[in-house]
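Undergrad: Please find one structure pasted underneath; my questions will follow.
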Amino acid sequence: MNAQESVVLVETRGRVGIVTLNRPKQLNALNDALMDALGEALLAFDADDAIGAIVITGSDKAFAAGADIAAMADWSYMDVYRSDFITRNWETIRRVRKPVIAAVAGFAMGGGCELALACDIVVAAENAKFALPEIKLAMLPGAGGTQRLPRAIGKAKAMDMCLSARVLDAAEADRYGLVSRVVPNERLHDESIALAARIAGYSLPALMAIKESVNRAWESSLTEGIGFERRQLHARFASDDAHEGMHAFLEKREPEFRHR
Ligand code: DAK
């Protein structure tokens with residue numbers, strides 16, 4: 001398969017793995033082939049010791065315009081139930097332990113918005129547009145949208161987006177906490193990769209512990225979350241990198257992390 005036919009393009013830049021969604025004619029609508037390939041690329045980067053952070057991006061016009069409506073239009077309940085639609089391949093991203101950045105330009109609609117919400121950091125270009133318009137199809141956001149969006153931006157704004165199909169521009173999405181930062185359109189690629197490179201330069205097990213701890217905040221009480229965080233902190237003292245980091249600070253030199 002050549003690059004034009006591949007539904008995802010995979011490249012590396014130093015310790016950064018980059019996955020580009022590549023169905024430009026369909027605005028990167030997410031079909032099974034694309035979600036399978038994305039999952040495969042993410043797991044390969046997650047298993048690769050030479051990679052410390054991952055960027056998922058799309059085109060200048062669309063991060064992804066949602067689940068592929070053409071593929072879904074004639075599916076029956078039994079089709080999606082028996083094949084475990086969504087869970088089967090959309091949730092692979094939840095297994096990734098390394099930091100994942102969504103670099104979003106243009107449309108992030110439906111499943112595209114949900115994919116961004118499943119990433120750890122969302123960098124948006126000024127032209128980014130976020131929406132969960134499934135209600136227009138008499139569907140509902142079914143790839144985590146009704147669960148992750150209220151956790152990200154609160155119930156009132158999440159209800160507004162899910163029930164009215166309201167579209168947020170990048171500035172609104174930034175204000176509401178759906179995205180981490182907004183950059184000029186032409187800077188999206190470079191800024192996202194630079195951010196990923198900066199993160200990937202830190203100690204990988206420390207990054208993984210932070211990601212796991214922050215995610216735990218979404219899923220537990222404060223007392224349980226703080227207990228989990230404290231154990232993660234104690235475990236840092238078993239890592240070579242933490243000792244290297246602290247000694248390097250005291251010796252006024254750059255640390256040399258070995259990701260152990
Ligand atoms: N699926 C398939 N094709 C799509 C698509 C999509 N989601 N979005 C766009 N396309 C295709 C268009 O059909 C068009 O194809 P051609 O006509 O050229 O062959 C091409 O991409 C360009 O689109 P437009 O001509 O519409 O481009 P515009 O710039 O005028 O408009 C747009 C861009 C993003 C505003 C518009 O394309 C649009 O509204 N797209 C649909 C957005 C949407 O409704 N997304 C939500 C999809 S539903 C479930 C769990 C989860 C889900 C479903 C079920 N279960 C557990 C059962 C999730 C559902 C979704 O994500």
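Quick note: the coordinates plus some simple rules give every number you see, no bench work behind them. Not measured: the values here are computed from a predicted model. Note: ideal-geometry Cβ built from the backbone for every residue, glycine included; neighbour counts use all protein chains shown.
Undergrad: Under a point spin-label approximation (7 Å from Cα along Cα-to-Cβ), what is the ARG166-MET246 distance to one decimal in nm?
TA: Between ARG166 and MET246, the simple spin-label model gives 4.7 nm.
Undergrad: Once a ≥ b ≥ c are taken as the square roots of the eigenvalues of the Cα gyration tensor of the chain, is the result rounded (a/c under 1.5), prolate (a/b larger than b/c) or oblate (a/b not larger than b/c)?
TA: prolate
Undergrad: Rounded if a/c is under 1.5, else prolate if a/b beats b/c, else oblate: with a ≥ b ≥ c from the C-alpha gyration tensor eigenvalues square-rooted, which is the range 45-109?
TA: On the way: a/c = 3.91, a/b = 1.41, b/c = 2.77.
The shape class here is oblate.
Undergrad: Given H placed on each backbone N at 1.01 Å, which residues far from ALA29 in sequence or on other chains put an amide H within less than 5 Å of it?
TA: ALA65
Undergrad: Need one number: nm distance between label points at LEU222 and THR146, each 7 Å from Cα along Cα→Cβ, rounded to one decimal.
TA: Going by the 7 Å Cα→Cβ label model, 2.9 nm.
Undergrad: Once amide H atoms are built 1.01 Å from N in the peptide plane, which residues 5 or more positions from VAL55, or in another chain, come under 5 Å H to H?
TA: Under 5 Å from the amide H of VAL55: GLY17, ILE18, VAL19, ILE101.
Undergrad: Where does helix 222-236 land angle-wise versus the long Cα axis of the chain, in degrees 0 to 90, nearest 10?
TA: Once rounded, one gets 50 degrees.
Undergrad: Further question on the same structure: Using a cut-off of 21 Å between alpha-carbon atoms, which lysines can reach LYS25, once sequence neighbours fewer than 8 places away in the same chain are excluded?
TA: Straight-line reach from LYS25, under 21 Å: LYS61, LYS129.
Undergrad: Sticking with this one: Quick one: what are the phi-derived ³J(HN,Hα) couplings along the range 70-76, Karplus 6.51/-1.76/1.60 with θ = phi - 60°, whole Hz, x for glycine and proline?
TA: Values, residue by residue: 5, 6, 8, 3, 10, 6, 9 Hz.
Undergrad: Of the peptides 43-49, 67-73, how do they stack up when ordered by the mean number of other Cβ atoms within 10 Å, highest first? Spell out each step's value before the answer.
TA: Details: 43-49: 14.3, 67-73: 15.9.
Going by the mean number of other Cβ atoms within 10 Å, highest first, we get 67-73, 43-49.
Undergrad: Right, another one. Can you work out ³J(HN,Hα) from phi for every residue in the range 104-111, in order, using Karplus 6.51 cos²θ - 1.76 cosθ + 1.60 and θ = phi - 60°, giving whole Hz and x for Gly and Pro?
TA: 10, 10, x, 6, 10, 10, x, x
Undergrad: Considering the zone a paramagnetic label at VAL80 would reach in this model (a point 7 Å from Cα along the Cα-to-Cβ line), which residues of the range 19-37 have amide N under 18 Å from it?
TA: 29-36
Undergrad: Sticking with this one: Name the residues whose placed amide hydrogens come within less than 5 Å of the amide hydrogen of VAL183, ignoring near sequence neighbours (fewer than 5 apart) on the same chain.
TA: Amide H neighbours of VAL183, under 5 Å, 5+ apart: ALA124, ALA125, GLU126.
Undergrad: How would you order 5-16, 196-207, 228-239, 74-85 from highest to lowest mean count of nearby Cβ atoms within 10 Å?
TA: On the way: 5-16: 15.6, 196-207: 19.7, 228-239: 13.2, 74-85: 10.6.
Top to bottom by mean Cβ count within 10 Å: 196-207, 5-16, 228-239, 74-85.
Undergrad: Just to confirm the number: angle between the C-alpha axis of helix 32-47 and the first principal axis of the chain, 0 to 90 degrees, nearest 10?
TA: The angle comes out at about 0 degrees.
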